[in-house]
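Peer 1: The structure is given below, and queries will be raised subsequently.
The values are calculated or read from the model by the stated rules, or taken from the named source; none is laboratory data. All values reported here derive from a predicted model rather than from experimental measurement. Cβ coordinates were reconstructed from backbone atoms using ideal geometry, including for glycine residues, and neighbour counts include every protein chain displayed. These area figures cover heavy atoms from the full protein model, side chains too; ligands, DNA and RNA do not enter into them. Shrake-Rupley method; radii C 1.70, N 1.55, O 1.52, S 1.80 Å.
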Amino acid sequence: MRIVILGPPASGKGTQAAILRERHSIPQISTGDMLRAATAAGTELGKQAATFMSTGKLVPDEVVVGLVRERLGGDDTKSGFILDGFPRTDAQADALGAMLAELESPLDCALQIDVDRDLLMERATLRRTDVRTGQIYHLKYNPPPPDAELEHRADDLEETVKIRLDQYDEMTAALLPYYKEKGLLRRVDGVGDPKEVTLRIVAVLEKEK
Ligand code: AP5
């Protein structure tokens with residue numbers, strides 16, 4: 001299975017991609033996680049990316065396309081992958097199409113998770129991550145255990161989330177008609193218990209078999 005998960009910031013892409021990764025034993029490729037890892041490691045790429053991420057802006061296409069190209073070349077992607085948060089611009093979508101054509105591995109679907117803006121703001125600002133396990137929690141909807149070592153993402157502050165949501169509307173929402181035209185777009189309602197959302201996604205993916 002080769003899928004991309006689309007959806008605005010905090011719509012549940014990472015939560016659902018992690019579940020699908022376990023269910024299908026295929027890698028989850030999250031450009032956000034890769035960029036945060038590069039930043040934490042203090043690499044040149046990480047430093048460059050951090051200036052965009054901290055202000056809620058998209059990292060330049062050539063940077064993320066290079067990361068994804070390298071990652072898709074890995075042996076573990078041969079039986080499939082879940083791209084989480086990539087592509088986010090027309091240029092990235094075109095680059096992905098070219099990479100997959102070269103690998104003779106076409107996409108099975110582009111899955112959009114739909115959630116209203118008010119709820120996205122609440123999901124982002126109350127999100128916390130356990131730095132030891134990488135597990136994502138939510139202070140209201142999925143409270144962490146008392147011994148978790150919690151981190152509040154710097155780009156989850158209200159003002160920065162607003163910018164990220166605007167960037168999504170301006171740059172990424174255009175990918176819905178892009179993939180619809182190719183007959184690949186599938187949409188699921190992302191509101192409700194995460195397990196219910198997973199069931200909706202599984203039902204959509206079953207139809208692709
Ligand atoms: P990235 O890390 O990809 O951020 P994002 O797209 O903004 O997505 P999020 O990680 O915020 O949310 P999510 O949809 O994964 O939701 P989650 O499952 O965590 O990117 C960060 C930055 O990196 C970007 O701003 C940009 O600068 C850069 N970047 C990354 N990719 C790039 C690219 N391709 N091009 C250019 N720049 C790029 O859930 C959110 C919260 O809600 C959690 O607390 C969770 O517990 C909770 N939750 C999840 N599902 C539910 C549910 N059903 N009900 C209630 N709560 C829920």
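Peer 1: May I ask you to list the residues in the range 60-99 that are in a helix (DSSP H, G or I), buried (at least 16 other Cβ atoms within 10 Å of the Cβ) and either away from the ligand (no atom under 16 Å from the Cβ) or hydrophobic (A, V, I, L, M, F, W, C) (or both)?
Peer 2: Matches in the range 60-99: 63, 64, 65, 67, 68, 72, 77, 93, 95, 96.
Peer 1: Is there any pair linking a residue in the range 89-115 that is farther than 20 Å from residue 20 by Cβ to one that is surrounded by fewer than 20 Cβ atoms within 10 Å (Cβ to Cβ) and of a type in the set (Asp, Glu), with Cβ under 8 Å and at least six apart or on different chains, and which?
Peer 2: 89/61; 91/61; 92/61; 95/61
Peer 1: Any chance you could count how many residues in the range 116-138 are touching a strand residue (DSSP E or B) at 6+ places or on another chain (Cβ under 6 Å) and without any contact (Cβ under 8 Å) to a residue 24 or more places away in the chain?
Peer 2: Number satisfying all stated conditions: 4.
Peer 1: Tell me, yes or no, whether the range 101-110 has at least one residue that is under 19 Å from residue 32 (Cα atoms), under 15 Å from the mean Cα position of the chain (by Cα) and at pLDDT 95 or above.
Peer 2: There is at least one residue in the range 101-110 that is under 19 Å from residue 32 (Cα atoms), under 15 Å from the mean Cα position of the chain (by Cα) and at pLDDT 95 or above.
Peer 1: Would you mind stating whether residue 56 is surrounded by 17 or more Cβ atoms within 10 Å (Cβ to Cβ) and either over 29 Å from residue 186 (Cβ atoms) or near the ligand (Cβ under 7 Å from one of its atoms) (or both)?
Peer 2: Yes; evaluated as a whole, the condition is true for this residue.
Peer 1: So, in the range 29-41, of the ones that are polar (S, T, N, Q) and crowded, with 20+ Cβ neighbours inside 10 Å, which residue ends up farthest from residue 77 (Cα to Cα)? Full working, then the answer.
Peer 2: Here is the first cut: in the range 29-41, the residues polar (S, T, N, Q) are 30-31, 39.
From what's left, crowded, with 20+ Cβ neighbours inside 10 Å: 30-31.
Values: 30: 13, 31: 15 Å.
Per the stated criteria, the residue is 31.
Peer 1: Turning to a different aspect of this structure: Are there any pairs, at least 6 apart or on different chains, whose C-beta atoms fall under 6 Å, with the first in the range 24-37 and within 16 Å of the ligand (Cβ to nearest atom) and the second open to solvent by 60 Å² or more (accessible area, probe 1.4 Å) and among the acidic types (Asp, Glu), and if so, which?
Peer 2: Note: pairs meeting the criteria are 27/76.
Peer 1: Another question, then. Which condition number does residue 156 fail, the rest of (1) in contact with a Leu (Cβ under 8 Å, 6 or more places away or on another chain); (2) modelled with pLDDT of 95 or more being met?
Peer 2: Looking at each condition in turn, residue 156 falls short on (1).
Peer 1: Given (1) under 25 Å from residue 61 (Cβ atoms); (2) under 19 Å from the mean Cα position of the chain (by Cα), where does residue 194 come up short, assuming only one miss?
Peer 2: It is condition (1) that residue 194 fails.
Peer 1: In addition: Within the range 1-23, count every residue that is open to solvent by 50 Å² or more (accessible area, probe 1.4 Å) and within 12 Å of the ligand (Cβ to nearest atom).
Peer 2: 2
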